[in-house]
1. With respect to VAL73, is the statement that it is of a type in the set (A, V, I, L, M) and free of Cβ contacts under 8 Å to residues at least 40 places away in the same chain true?
2. Name the residue, out of ILE112, ILE86, that is modelled with pLDDT under 95, loosely packed, with under 14 Cβ neighbours inside 10 Å and under 18 Å from GLN22 (Cα atoms).
3. Within the group ASP37, ASP79, ASP6, which residue is farther than 19 Å from GLY94 by Cβ, charged (D, E, K, R) and either in contact with a strand residue (DSSP E or B) (Cβ under 6 Å, 6 or more places away or on another chain) or modelled with pLDDT of 95 or more (or both)?
4. Can you tell me which residue among ARG51, ARG70, ARG64 is among the basic types (Lys, Arg) and surrounded by 12 or more Cβ atoms within 10 Å (Cβ to Cβ)?
5. Could you list all residues from the range 1-41 that are aliphatic (A, V, I, L, M) and free of Cβ contacts under 8 Å to residues at least 60 places away in the same chain?
6. Please list, ordered by first then second residue, the pairs with beta carbon atoms under 8 Å, 6 or more apart or interchain, first in the range 103-120 and touching a residue at least 24 places away in the same chain (Cβ under 8 Å), second of a type in the set (Val, Ile, Thr) and surrounded by fewer than 13 Cβ atoms within 10 Å (Cβ to Cβ).
7. Which condition breaks for TYR62 when tested against (1) more than 11 Å from the chain's Cα centre (by Cα); (2) under 23 Å from HIS3 (Cβ atoms); (3) not hydrophobic (A, V, I, L, M, F, W, C)?
8. Among (1) at pLDDT 95 or above; (2) surrounded by fewer than 15 Cβ atoms within 10 Å (Cβ to Cβ), where does THR29 come up short?
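The values are calculated or read from the model by the stated rules, or taken from the named source; none is laboratory data. Remember, predicted model here, so these are calculated numbers, not experimental data. All Cβ positions, glycine included, derive from the backbone under ideal geometry; neighbour counts span all protein chains shown.
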Amino acid sequence: MPHAYDTSHPLAFPALPVSLRQIDGDATTMALSALVDSGADVTIVPVGYLRAIGAEQIYGAYLRAHWGGRRAVAVFLVDLEIENQIMPSIEVVGDEQGQEILLGRNILNKLILLLDGPRQQADVLSHRPADV
């Protein structure tokens, strides 16, 4: 099912609905809008969502932004659901400052995505189109 781009940014941003789930538990978020960021190595989630579901913090790390500098972050383990596909035991960085979920390549490389810029729609495909 196609999903409209997020137009709250100066340039429209591909976005997909995701749910975060506690590993081996019942806690889950409602569907949340996540920005597709193919330039990000990892998925970044506001730490409030992670704490709300009781996600397990597994280690500390450093995050370096493309503009330089680095900061200490916590890495959490969650099950992540996109389009009824559950991706188990995904490492995500807990963001203490931002309010948006960024889907990085640790998730995007597991999906077949169609980013239709002219129509401003993103879609997770169940199989490759025949003409590709």
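1. Numbers: of a type in the set (A, V, I, L, M): yes; free of Cβ contacts under 8 Å to residues at least 40 places away in the same chain: yes.
The answer is yes for VAL73.
2. Working: ILE112 fails: under 18 Å from GLN22 (Cα atoms).
ILE86 is the lone residue from the list that is modelled with pLDDT under 95, loosely packed, with under 14 Cβ neighbours inside 10 Å and under 18 Å from GLN22 (Cα atoms).
3. Answer to the check: ASP6.
4. Numbers: ARG70 fails: surrounded by 12 or more Cβ atoms within 10 Å (Cβ to Cβ); ARG64 fails: surrounded by 12 or more Cβ atoms within 10 Å (Cβ to Cβ).
Being among the basic types (Lys, Arg) and surrounded by 12 or more Cβ atoms within 10 Å (Cβ to Cβ) holds for just one of ARG51, ARG70, ARG64, which is ARG51.
5. Our first condition is that a residue be aliphatic (A, V, I, L, M); within the range 1-41, this holds for 1, 4, 11-12, 15-16, 18, 20, 23, 27, 30-32, 34-36, 40.
Correct list: LEU11, ALA27, MET30, ALA31.
6. Close Cβ pairs (under 8 Å, with a partner that is of a type in the set (Val, Ile, Thr) and surrounded by fewer than 13 Cβ atoms within 10 Å (Cβ to Cβ)) amount to GLN120/THR7.
7. It is condition (2) that TYR62 fails.
8. Failed condition: (2).
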